[in-house]
Amino acid sequence: MTQLILFDTFNGLIVGAFYALMALGLSLIMNLSGVINFAHGGFLAIGGYLAFTLMPFVGFWGGLVLAPILTAAIGLVVERFLIRPLYGRDPLYSLLLTFGLAYIFEDGTRYIWGAQSLPYQIPTVLSSPLSSQFFFLTGYRLFMVVLVAVAVGALFFILKYTRLGVRIRAGTLDLETVSVLGVNVRILRNLNFGLGIYLAGLAGVLAAGMLGLQPTVGSSLIMPSFVAIIVGGLGSLPGTLLGGLLIGVASGLTTVFFPSATEAVMYIMMGLVLLVRPRGLLGEEGRF
Amino acid sequence: METLNRQTANIIVWLLLLAMPFWIKALGGYTELCTQVLVYALAAMALNFLLGFTGVLSFGHAAYFGLGAYGVAMTIKYLVASTPLALLVGIVVGTIAAAIIGWLIVNLRGVYFAMVTIAFGQVFYFITFRWNNVTGGDDGLTGWSRVPIDLGFTRIDILHNPTAFYYVVLAIFAVAVGIMAFLLRSPFGRTLLAIRENERRARFLGIPVERHIWLSFLISCLFVSLAGGLYALLNNFVDPRALRWDMSGNFVIIAVLGGMRSFWGPMIGAAIFVVLQDYVSSMTENWMSFLGLFFVLIVLFFPRGVLGILRRKSLS
């Protein structure tokens, strides 16, 4: 029993790390541009499929490096030509646009790569269990957790210490002043969008190794990411991270005791948070 | 002059709707298609009560649509074989859920409100999806059908006569739309418009903004669950897709396409949407890509909708 609980907690942590990686990208984009990127899951799927396609040429490690960068490049183009015209309009329109993009991405991946699930080969170094007692602790799972931790660490480093990061944070608080101070806000929003999509692409490559590849992989991960943002608190990136891990572990633990409520539990958490603390766990008072 | 125009427009709309089963066949359609237009129109107009006239962005209305649909289907299948009672149960279920969720989210605004409604929309999807033995899970709820309505002096066979069913739906639609129009003209409706235009000013005038938004959400969800109930009756079937997020998106795009600042806008949007869906799905398997492209194009080039553009033309 202990082992089962341990197994599901760890599983939940991994799933939560996914949610967090997705949700951090969503949060970045929403905080600076006020856009709910519904196509985020679609970008995730593209990241995974690109890695799959690149694998024969550059191997697993090359795919891990290249696929998220290519996905981010697609993100930059999408932002430039489709989303930029919508800034300053009712958020309804950007939401509808990304909604449409989500459809196109999902159907597009199905068209190009087929509807059936594709296996994603991971190096044998990573696929064997680390010890026989903790059979669930394969190298890949551990590797994923470490990689997510590194990515999140790098993101927070960028935001805290680089010029781009400082501008993003400042723009989140007061975009107009940042613009008046001579920062090109268009480029800032563009790069910020690309950064968010990079995280989605990275999550996509990791998800491919863990869950296999299906066209619907994105739409199944996006809803929990919304919940993670709401639980953690809109406007707070540490909150988003915490929210993602929390709902991941919570649904992992629910799998042990009451498997059919695995999805329901995160919505119950969301309801409770909204009831007790509407701004979310680490959200700032009065921002929304 | 303006009121005269509006009256003429109303008369034309109702005449077209009354005669629809006759002229649609000339255009290559069929009666069920007309009923579908009415159902989608009712759902989108109900959503627009909130979206266009209160200025609150809900992206989770499929949840209440689906609850209405499941309420109707499960009542007929498990409880009592009566169409009016089933519709009543569907409405009550949807509205109660909306009352609770609305109460939780009414303090949120803008993007945050939209995101929470999206997330909450999925709760009921997972419940119906997981609760196999009662809801039929992914396969949907079958083994039931709409029941002829017994009025005492006569019997309307809505099961075997699609035209009769169309007129029953039209009658319900007329009552629902009439109530919404009446509400929008009342002081309550004017207050909603005031909130949409300037929430802060409305608040300073002493209007309890949260209570008004909550009521508007409730009314909107009430009529959406009615539409959901009719949708279940129309198909004699319901599955979890009726309450998934893409259905919510469809309602919003219908409202935007027709013009969300006008009362009849969503109706026009619904007609275009349903006919396109029927036509394109029969032509290609990639309906999803087409729909996505449709979303993108409307947002980029057509954000005011059909009636918005017509109105602007007539002004200039």
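The values are calculated or read from the model by the stated rules, or taken from the named source; none is laboratory data. It should be emphasised that the depicted structure is a prediction, and the values quoted were computed from it without experimental measurement. Cβ placement follows ideal geometry from the backbone for every residue including glycine, while neighbour counts extend to all protein chains displayed.
Of note:
- Unmet criterion (only one of (1) within 13 Å of chain A (Cβ to nearest Cβ); (2) hydroxyl-bearing (Ser, Thr, Tyr); (3) more than 20 Å from the chain's Cα centre (by Cα)) for residue B:248: (3)
- Tally, over segment B:272-301, of residues that are under 18 Å from residue A:96 (Cα atoms), more than 11 Å from chain A (Cβ to nearest Cβ) and among the aromatic types (Phe, Trp, Tyr): 1
- Condition check for residue A:74: closer than 22 Å to residue B:297 by Cα and more than 13 Å from chain B (Cβ to nearest Cβ): yes
- In segment B:255-271, the residues that are touching a residue at least 60 places away in the same chain (Cβ under 8 Å), within 14 Å of another protein chain (Cβ to nearest Cβ) and not in a helix (DSSP H, G or I): B:260, B:261
- Of all residues in segment B:272-316, those satisfying the criterion of being touching a residue at least 40 places away in the same chain (Cβ under 8 Å) and not in a helix (DSSP H, G or I) are B:302, B:303, B:304.
- From the options B:192, B:159, B:170, residue that is touching a residue at least 12 places away in the same chain (Cβ under 8 Å) and closer than 26 Å to residue B:100 by Cβ: B:192
- Every condition in (1) surrounded by fewer than 20 Cβ atoms within 10 Å (Cβ to Cβ); (2) in contact with a Ser or Thr (Cβ under 6 Å, 6 or more places away or on another chain); (3) within 14 Å of chain A (Cβ to nearest Cβ); (4) not aromatic (Phe, Trp, Tyr) holds for residue B:236 except the one numbered (3).
- The helices (runs of 4 or more DSSP H) found entirely in segment A:178-288 include none that carry 1 or more residues being among the acidic types (Asp, Glu).
- Restricting the first member to segment B:7-34 and to residues that are within 13 Å of residue B:167 (Cα to Cα), and the second to residues that are among the polar types (S, T, N, Q) and surrounded by 11 or more Cβ atoms within 10 Å (Cβ to Cβ), the beta-carbon pairs closer than 7 Å and six or more apart or on different chains are B:21/B:31; B:21/B:163; B:31/B:163.
- Here residue A:19 fulfils each of the conditions (1) buried (at least 22 other Cβ atoms within 10 Å of the Cβ); (2) in contact with a Phe, Trp or Tyr (Cβ under 9 Å, 6 or more places away or on another chain); (3) closer than 29 Å to residue A:266 by Cα apart from (2).
- Test: residue in segment B:204-212 that is closer than 23 Å to residue B:70 by Cβ, small (Gly, Ala, Ser) and at pLDDT 90 or above: no
- Within segment B:77-100, none of the residues are outside any helix (DSSP H, G or I), closer than 30 Å to residue A:240 by Cα and either of a type outside the set (A, V, I, L, M, F, W, C) or in contact with a Pro (Cβ under 6 Å, 6 or more places away or on another chain) (or both).
- For segment B:105-188, the helices (runs of 4 or more DSSP H) that sit wholly inside it and include 3 or more residues that are more than 9 Å from chain A (Cβ to nearest Cβ) and surrounded by 16 or more Cβ atoms within 10 Å (Cβ to Cβ) are B:110-130, B:162-185.
- Residues of segment A:77-99 that turn out to be free of Cβ contacts under 8 Å to residues at least 12 places away in the same chain and facing chain B (nearest Cβ under 7 Å), as a count: 4
- Number of residues in segment B:130-158 that are at pLDDT 85 or above and more than 21 Å from residue B:79 (Cα to Cα): the value is 0.
- Among (1) more than 8 Å from chain A (Cβ to nearest Cβ); (2) surrounded by fewer than 23 Cβ atoms within 10 Å (Cβ to Cβ); (3) touching a Gly at 6+ places or on another chain (Cβ under 9 Å); (4) at pLDDT 85 or above - the single one residue B:69 does not satisfy: (2)
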